[in-house]
1. Could you let me know the centre-to-centre spacing of region A:277-301 and region B:271-288, using Cα atoms, in angstrom?
2. Looking only at region A:88-126, which residues have a backbone nitrogen under 19 Å from a spot 7 Å from the Cα of A:H198 in the C-beta direction?
3. Roll a 1.4 angstrom probe over the protein heavy atoms and tell me the percent of accessible area of region A:224-324 that is carbon or sulfur.
4. Within 11 Å, Cβ to Cβ, of B:Y386, how many net charges do the neighbouring residues add up to if Lys/Arg are +1 and Asp/Glu are -1?
5. Taking the convex hull of the alpha carbon atoms in region B:288-330, what volume per residue do you get, in Å³?
6. Based on alpha-carbon centroids, what's the gap between region B:344-373 and region B:7-40 in Å, whole number please?
7. Two decimals, Cα atoms only, Kirkwood Rh: what is Rg/Rh over the protein assembly as shown?
8. What share of all Cα pairs of region B:21-118, in percent, falls into each consecutive 5 Å distance bin?
Amino acid sequence: MKAFQYVRSTTAKSAIEAVVKDPSAMFLAGGTNLVDLMKRGVTEPDKLIDISRLPYNKIEKEGSGVRIGAMALNSQVADDKLIQEKWPLLSLALNAGASAQLRNKATVGGNMLQRTRCGYFYDTAMDCNKREPGSGCGAKEGYNRMHAIFGTSEHCIAVHPSDMCIALVALDATVRVQGPKGERTIPFADFHRLPGDHPEKDNTLEKGELITAVTIPDSPYTKNVHYLKVRDRSSYAFALVSVAAALELDGKTIKSARLAMGGVAHKPWRLLEAEKSLVGQSVSEAAFQKAAEVAMTGAKGYEYNAFKLKLAPNSIVEALKIAAGLTA
Amino acid sequence: MKNKDEMIGGRMSRVDAVLKVTGGATYFAEYEVPNLVYGVLVPSTITKGRIKNIDTKKAENAPGVLAVLTHLNAPKVPAYEAKEASKTSSGRGPGLMAFHNADVHFNGQPIALVVADTFERATYAASLVKADYQEEKHQTELKANLAKGNVPSTNKSLQDYQRGEKDAYKTAPVNLEEEYVLPTEVHNPMELHGILAQWDGPDRITVYAKTQGVKMTQQVIADTFKLPKENVQVHSQFVGGAFGMSLRVWPHEIATILAAKKVNRPVKLVITRNEMFTIAGYRPHTHQKVGIGATKEGKILGISHWAHVQNSNYEEFTEATVAMTKFMYQIPNVNTTYRVVPLDICSPVPMRGPGEATGAFALESAIDELSYALNMDPIELRLLNYPEKDPERDLPWSSNYVRDAYQMGADKIGWSSRSNTPKSKMEDGMWVGYGMATGTFGAHRRPATARACMNGDGTLLVQSAASDIGPGTGTAIVQIAAEVMGIPAAKIRFDLGESNLPDAPIQGGSATVASVGSAVHDACLELRQKLVELSGNALKNAKVETLVYEDGKISSPKDRSASISYAEVLKRNNLPKLEVTKESKLEEEQQKKFAMYSFSVHFVKVHVHPATGVVKVKHAVALADAGTIVNRKTASSQMMGGAVGGIGMALTEEAIIDHRFGRYVNNNFADYHVPVNADVPDIDVLFVDKKDPYTNPMGSKGLGEIAIIGMAPAIANAVYNATGKRVRELPITPDKLI
Ligand SMILES: Cc1cc2nc3c(=O)[nH]c(=O)nc-3n(C[C@H](O)[C@H](O)[C@H](O)COP(=O)(O)OP(=O)(O)OC[C@H]3O[C@@H](n4cnc5c(N)ncnc54)[C@H](O)[C@@H]3O)c2cc1C
Ligand code: SF4
């Protein structure tokens, strides 16, 4: 890999300044994604600003919600008592991701900003609009088994690979950011973007902006939740399709629902219409089938991923059944 | 007292276990050599054509770089100059000549080797080498090129075969014809491939290699550089897995030796995980068709088996894909066809269970399909067509206990709870299926030589240039020596992995214990004999046949006071040590008299998720009919490892090429899925454990290959039993079942 400078920053301010100043400087958190990309020559920063020791690794109550520091480790969040009690969906999603070793190193901020696993993106000898805007999309007519069925553009059909983010978008989280122009908050659903004409942009973060925390509001989804991840092997594999499902039940009646999917789009894919279709229904396979049908509106498959058009609705129904306690 | 675990049949722990778990075992890449520099390869980015121009300037000027080797400046290779490359050591030499000309034969082929003072600097400089190519149209897709298949010219046993009537299955009352596809699989041992090479003078080379045969590597390098064999030293004491990939010398090894010459310093090359897919072999993608027909009662009348096998365009690779079909069942009419399809990719190389593992997927799936067509239990069908003799060569089996294995496996897995109707059983919301399959591999034995040396202190040194890529060879050898000599294992040392030791064959084809073990057995026997002869009157003329060898002593069985220790024998004779070197091999006559094969049977129980198509192997039973089991512990591990490999073959592993570019798209460990712990169920390993009277003095038969052969079809068969879906193209990923 290309030689680079390594700087360990002690304050958010100095870290942000360092990145703003130097066009090819980047933040380094756990390094589990960035260093891989550097080894493959996909990303070639001249300078790494290590933010992993900044004091943003706490998980704390904030009102009736919770604030999770951006440098909190994936395993730390997954194992946190408060999270497990109040937002178990997040814990389930985190534990479905990567491997124990990676989760011990990966941070919340880094997880959100991990890049797609599209094989063409990773191979610098191939065309990829995300890596090199304008070069073409190798996957569209290539091997696209892992790729998106929602929200694609002619320029990119990649998926966002995170599991954690699927739970966070379902739970209406908010992202807290500090940047050269001060602080701002971004609703989680608006944090990642669709590829459109600019597949090189995964999200709405500006250069030099540092994620400091993610907050989740109070939630009634403490019991009837499930994160279903369908993958090619039992662990340490990215999702073919994943579903975060959460139900608020009043007896057999669904008071409210949260649904989001992973492995299907360039961003965590929230299923608002499907959620609506569930409200007021009583728990039943038929109601879940209906929701799955609604969820699939607008889906489009490619040569190798057309199976997701069936796997996705099946998985939605299955996740809801498990969340509702209809199946084990 | 003999410690039973240290004898043949015991459960002794690995002799190198402590070294391995404490980091004391030194692998090729870990050798500390003064002045060492590092090599990194530059891969081609086209699939076929010629290098028009290669710009190495930037790389040469990068910090720390000592040289950039290409076809333009590489030192000449004597064998290449003499156009003898293909002759180097019977096909185990690199078929592709490293940096010899501008031709590109496959995507990822090394076109340059950058040498720098650190690995990181070499890696960066390698990214600066840019080439212009004259590109030609390439072909990498097997399916589109089946018509180009050739009859192999290098392997007689793979010519078209016919016994009885051709395609007789077609006229049988019950018949079927199906296609079975195996994707490219990659060995992917944990240890990356590579070599550390150093010139000790203008005509002397030392290498630290990752090889399955130090003598093989020595011979290839000697042939390639036209040096006397003794001038090439190969060290390879520990190998971190290989599965067949190190059964030959690869072009990048020769390239590293050239680089060491160029910079006149030792050079180490460790290839990347990505390169493990592109330049170091694989199990070839194979299209097969099987036609099989039987009477309504289940007597198989005819079988036809066709195989088309992925190959490179610069040499021929063959493996025994259609072999098992000729003898596994008693079938009067058999024909097989094997074709190699040259494509613009790197050459394949044997991978665990070469040929048979691929062939067994087709054959054992077809047998299973036939059993459903007949509405018959698949074990019953196999028993009904069991061959009392080898039907291919009309020879008696040296031993064949496959029927015992069927019974043992059926009992263990709970075969009686299987339903013969597919998709008829559910458990915890999952479809439940049971499946089984048979595997076989030749019980080979090759000539080998061993030296056994009794030292003055009563310790025994055993030596042979064998490899131990992980199965526990060294441990089994120590047990064989312990058994013959009656010496505790702690007093025995076995040296291996050095080219200056007595001749041993490559570690391939499950033949090491049979070959090297026999040599050690015979050498020890002779050494023991000599010690008896030198024992003077200590044994009070006890009959030689009755003597007892225990605790480092020779004793008379009647009168235990009539005994003498080996050390004492040497002392009395004023000998510092006593040494025997002996070659051992199976007489050709014997080989012609018997059909010698190992057999395996795999049983599995699977769960299949009805909504997501996810398959979970819930329980597996792996059985081996492999003669005497020398070490039950390491043999169990072998069988388990093979079963895990079979899970990968059946459910997860597939190396994928984008044929538009001829490039792999998943050549890494995140996207090429080998099974993880969570994919592996309880695996029960059972041994028939009956001595084969003819194979070798221990009565053992090979185990490494059969451990995987048959596991994949057993799983595919179980998946059919669970779901009613017959997947004929591996791996069985969830998308194929929903
Ligand atoms: C083999 C493998 C399998 C995996 N499987 C899964 C899986 O199944 N599911 C899953 O969800 N993930 C998976 N992962 C991805 C893993 O979750 C991510 O690599 C990890 O979360 C990244 O976190 P990190 O802290 O290491 O980020 P880094 O690699 O340090 O950084 C990633 C990016 O985020 C930026 N960044 C980091 N923190 C901040 C911040 N606070 N503010 C602004 N920018 C920041 C960095 O500049 C960089 O661009 C897998 C990874 C590997 C290697
Ligand atoms: S899908 Fe996106 S990431 Fe993949 S090749 Fe196309 S542009 Fe690149």
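The values are calculated or read from the model by the stated rules, or taken from the named source; none is laboratory data. The structure presented is a predicted model; accordingly, all values stated were derived computationally and were not measured. Cβ: placed from backbone, ideal geometry, glycine included. Neighbour counts: every protein chain shown. These accessible areas exclude ligands, DNA and RNA; they are computed on the full protein's heavy atoms, side chains included. Shrake-Rupley method; radii C 1.70, N 1.55, O 1.52, S 1.80 Å.
1. 44
2. A:113-116
3. 49
4. +1
5. Residue-normalised Cα hull volume stands at 59 Å³.
6. Answer, in whole Å: 34.
7. 1.00
8. 2, 11, 17, 17, 18, 16, 11, 5, 2, 1
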